[in-house]
Amino acid sequence: MPTLIRQPNSGERQPPPLTFSTSLFRQISPALYLQRHLLNNPPTRPNGRNPSQCRDFTLTTNSLSHAHGSAVVRSGDTAVVCGIRGEILTIAPGDDPSRFESYNGSPTSAIHACGSRGAGGASWGGLVVPNVELSTGCSKKYPLGPPGGLAQTLSDQLHELVNVTKLVSLDSLRIYDGDNDTTSKMKIKGYWSLYIDVLCISLDGNILDAAWYAIVAALKSSKLPFASWNQIEERVFCDPSRYHPISLRQSLPFTTTFALVPVPASAGGEVGEVALLLNDPDSYEEDEACEILTILSTTDLGTAQGDFSQLSLGKLRTRVEKIEKRGGWKLGISQIEDCTQLAASKAARYIHTLAKEQLTPM
Amino acid sequence: MASSPLAPEISLNPLPQADGSCQYTCPTSRTTILTSVNGPLEVRPKDELPSHATIEVIVKPGIGVAGVRETRLSSLIHSTLQSLILTNHHPRTLIQIVAQIVQAEDHTSLPLLLTPLLNCTILSLLIAGIPMRTVGWSVHLAVVQGAKGIKGVEGQVFKLEGGGDDGMETEESEEVVVRNPNSEILSRAKSSHTLTFSKEGDILLIESLECSQGSGGESADGQGWDISDFLKLAEEGKRICCEEGVEIIREALADRKVF
């Protein structure tokens, strides 16, 4: 379909209208191309979705055989692989384990404050260490080489998400003295430290949601060997035949990302701009977006858990744990409320897919 | 306003060689930031934008070398300034902003550093004469359960429903909001909210997160907040930024005729 850019009416000599193909229009003027789509009634995005619709996603867990847990998430053309590897961190006699005992614990001295990823992950609440790798050829914007700004920001965001949600129970990461049967005398001899590596194999926008979902799914599916302190050998031994799952929260938190795109609107004869919210943006929309909003929320599905068809979204109790909005100035406070509703419906889909994946025998 | 205990200490142009610079000290946590702004400068060919100025934000840590946290801070500041600075006024140039953390209670805490960094950057941009669409001001609020017994919070505690009155006579278990929390208050807080509003009351940046302590797992179920509580808090933040924040900028720049 040829697209026409109208020239202003300049009087007697009208130049011939400029026409070119849709694919060329998409390339040379992305902002206008996106706007024209969104001005349709009903507004439709270039990828055929309506503004509040998210992409379909697929989930596969435990596809990596050497990791303690893994997940592959594909959402539209964004695909990430997440692998979890547990490593044993032994507490030396002089060490104070209390700094591992709480998320968000404040650092006790300036030495700890030097870096959030100290030697061997030995920082407070830092037993779970996520890292994102974007230099895999996933997108032409991120060439091979040392991690760029986005990869570093994402790693830090995911680390913050782990701390904010307190997703992993520190209980299941402790390694006790094996010979003591009485729980009162049990002494903590070490910890499991979880290294979470997220590899992006294809990047088409909204990597944060995909990466976080992969992490949650991978943690949910991972199994650690039973480890205990052997007093005679004075080291930690793992039982290769017995495994235990990592215990997570009951109500799983999920992120939902929106992009805000400016669209001209005329209200009462006055021409202005409104920001249209696009759920789960792809990279084309992300490039044109003036601002990005991410909501981390938990949704209480109640009895309807796992039964997606019987959900009525109005009744869901949603609690927000993190809101991040960056760039731009067009977001209205009332729009945040609508976003939490959409986040709840997306969380319901996430939980449903996760429950279905766990039921299938491996 | 300048005599109020909440007013930050601002010294303008401490660096005479830079186009604009500012040193900002948070009144409670004593977080001190020094920023310099230079621009428009010549831009490296690889960063050049055909119809806009390139904005470069470098955050330098107080201890050690810059890491992942500093990269994230600079990317947050960058995206906020991108919408404030009129970048089309100086196409194919570079506006370089360097922020040095001079003093901080906790050098890794994003919420404690973000508000001083943003406020200091905006002030130094004004001094440097970089054209901006509007100015913004950032405020850090913490929701604390029972602020009794915390030292040094007088005049900064308020209840959400009760308006801006002095909330020192609140019950022990009641949730109160503390402005400009220091690291001691933040470690007892349930949630931390960094809100940035423009002079007109538009939201520029929200960085709100749950920050209660705990050992995770099932004990963390049910944490977080209801969206209606957040909206009340945002209204309060907007009031602080648009009234007091703008007043602080105006006082600081009083004899410079920037406004």
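No lab work stands behind these numbers, since they all come straight from the coordinates. Keep in mind that this is a model prediction, so the values were computed, not measured. No Cβ is skipped: glycine too gets one built from the backbone with ideal geometry, and neighbour counts run over all protein chains shown.
Using a Gaussian network model of chain B whose springs link C-alpha atoms within less than 10 Å, name the residue from B:217, B:136, B:201 with the highest mean-square fluctuation.
Comparing B:217, B:136, B:201 in the GNM, the peak value goes to B:217.
Starting from the Cα of residue A:66, step 7 Å along the direction of its Cβ; do the same at residue A:244; then give the gap between the two resulting points in nm.
Here the modelled spin labels are 2.7 nm apart.
Does a label point 7 Å from the Cα of residue A:90, set along Cα-to-beta-carbon, have any residues of the stretch A:231-253 with amide nitrogen under 11 Å, and which are they?
In the stretch A:231-253, the label zone of residue A:90 (backbone N under 11 Å from the point 7 Å along Cα→Cβ) covers A:231-237.
May I ask you to list, by number, the DSSP H helices of chain B whose Cα span along the axis is at least 30 Å and whose average Kyte-Doolittle hydropathy reaches 1.0 or more?
Within chain B not a single helix satisfies the rule.
Treat the count of other C-beta atoms within 10 Å as a stand-in for reagent exposure and order B:157, B:177, A:80 from fewest to most.
B:157, B:177, A:80
Just to be sure I understand: with springs between alpha-carbon atoms less than 10 Å apart, which residue in B:245, B:64, B:216 has the highest mean-square fluctuation in the Gaussian network model of chain B?
Highest fluctuation among the options: B:216.
Can you give the FRET efficiency to the nearest 0.05 for residue B:49 and residue A:230, using r as the Cβ-Cβ distance and R₀ = 60 Å?
Computed FRET efficiency for residue B:49 and residue A:230: 0.45.
With an 8 Å cut-off on Cα pairs and a minimum separation of 6 or more residues, tell me the relative contact order of the stretch B:1-151 in percent.
With pairs under 8 Å counted, the relative contact order is 30 percent.
Sort A:290, B:211 so that the residue with the fewest other Cβ atoms within 10 Å of its own Cβ comes first and the one with the most comes last.
Lowest count first: A:290, B:211.
At R0 = 60 Å, how high is the FRET efficiency between residue A:317 and residue B:11 if r is their beta carbon distance? Nearest 0.05 is fine.
The value I calculate is 0.80.
When the Karplus curve 6.51 cos²θ - 1.76 cosθ + 1.60 is applied with θ = phi - 60°, which whole-Hz ³J(HN,Hα) does each residue of the stretch A:230-243 get, with x for Gly and Pro?
9, 5, 6, 7, 6, 8, 8, 10, 10, 8, x, 9, 10, 10
Over the Cα atoms of the stretch B:1-155, what is the Rg over Rh ratio if Rh follows Kirkwood?
1.01
Considering chain B as a Gaussian network with a 10 Å cut-off on Cα pairs, which listed residue, B:15, B:114, B:205, attains the greatest mean-square fluctuation?
B:15
Please report, in cubic angstrom per residue, the volume enclosed by the convex hull of the alpha-carbon atoms of chain B.
Enclosed volume per residue, from the Cα hull, is 145 Å³.
What number, rounded to the nearest 500 deg cm²/dmol, is the helix-based mean residue ellipticity at 222 nm of chain B, given -39500 (n - 2.57) per DSSP H run of at least four residues and division by all its residues?
When only DSSP H runs of four or more count, the value is -7500 deg cm²/dmol.
Using 7 Å Cα-to-Cβ label points, what is the residue A:270/residue B:256 separation (nm, one decimal)?
Between residue A:270 and residue B:256, the simple spin-label model gives 3.2 nm.
Modelled label-to-label distance, residue B:145 and residue A:58, 7 Å Cα→beta-carbon offset: nm?
Modelled inter-label distance: 4.5 nm.
Listing A:351, B:97, B:58, B:185 from the residue with the fewest other Cβ atoms within 10 Å to the one with the most, what is the order?
Placing the least packed residue first, the sequence is B:58, A:351, B:185, B:97.
Using 1/(1 + (r/R0)^6) with R0 = 41 angstrom and r between the beta carbons of residue A:176 and residue B:63, what's the FRET efficiency to the nearest 0.05?
Calculated value: 0.70.
In the stretch B:1-100, which GluC sites (Glu not before Pro) are in a loop and have at most 10 other Cβ atoms within 10 Å, using DSSP for the loop call?
Passing both the DSSP loop test and the Cβ count: B:42.
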